[in-house]
Amino acid sequence: QVQLVESGGGLVQPGGSLRLSCTASGSIFSFSSMAWYRQAPGKEREFVSRITSSCSPIYADSVKGRFTISRDSAKNTVYLQMNSLKPEDTAVYYCVLYSGSVRTDDWGQGTQVTVSP
């Protein structure tokens, strides 16, 4: 059983910053990487960023240069530092585990990020 808990969402003005956290617990030894996805109202869930066990980051083009993913393996936690936020970044952000390059069905409950004046 795997549990993922996200935190750090909130309301921020355009140009502002937020830092999301996702902590994993349970039987996670076989998972090699963690990722962030987001889902805006009326839209499909989309990939944001992933970090491998060797700390290699991958980003969606829409967030490159603004978001930074990092991980603390000792704490089983992944972070998403979001800078220069835009209204189009508004969404529920979810973390998910990967086994190798395969995404699992182990999702967190999500954390709301709202970017608005």
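The values are calculated or read from the model by the stated rules, or taken from the named source; none is laboratory data. These numbers come from a predicted model, not from an experiment. Cβ: placed from backbone, ideal geometry, glycine included. Neighbour counts: every protein chain shown. Heads up: the accessible areas ignore ligands, DNA and RNA and are worked out on the full protein's heavy atoms, side chains in. Shrake-Rupley method; radii C 1.70, N 1.55, O 1.52, S 1.80 Å.
Take the residues in segment 73-90 that are over 11 Å from the mean Cα position of the chain (by Cα) and aliphatic (A, V, I, L, M), then tell me which one is most open to solvent (accessible area, probe 1.4 Å). Checking each candidate, the answer is ALA74. Scanning segment 10-25 for residues that are open to solvent by 30 Å² or more (accessible area, probe 1.4 Å) and either aromatic (Phe, Trp, Tyr) or assigned to a loop (DSSP other than H, G, I, E, B) (or both) gives GLN13, PRO14, GLY15, SER17.
Could you check segment 91-117 and list, in sequence order, the residues that are open to solvent by less than 40 Å² (accessible area, probe 1.4 Å) and under 13 Å from the mean Cα position of the chain (by Cα)? Listed by number, the residues that qualify are ALA91, VAL92, TYR93, TYR94, CYS95, VAL96, LEU97, TYR98, GLY108, GLY110, THR111, VAL113. Scanning segment 9-39 for residues that are over 23 Å from SER56 (Cα atoms) and modelled with pLDDT of 95 or more yields GLY9, GLY10, LEU11, VAL12, GLN13, PRO14, GLY15, GLY16, GLN39.
Residue pairs whose Cβ atoms lie under 6 Å apart, separated by 6 or more positions or on different chains, with the first residue in segment 102-117 and touching a residue at least 12 places away in the same chain (Cβ under 8 Å) and the second among the acidic types (Asp, Glu) and in a strand (DSSP E or B), are GLY108/GLU6; THR111/GLU6. Scanning segment 61-75 for residues that are within 10 Å of VAL48 (Cα to Cα), touching a Ser or Thr at 6+ places or on another chain (Cβ under 7 Å) and either free of Cβ contacts under 8 Å to residues at least 12 places away in the same chain or not β-branched (Val, Ile, Thr) (or both) returns a single hit, PHE67.
Which of the residues belonging to segment 52-61 are open to solvent by 60 Å² or more (accessible area, probe 1.4 Å) and under 14 Å from the mean Cα position of the chain (by Cα)? Result: PRO57, ILE58.
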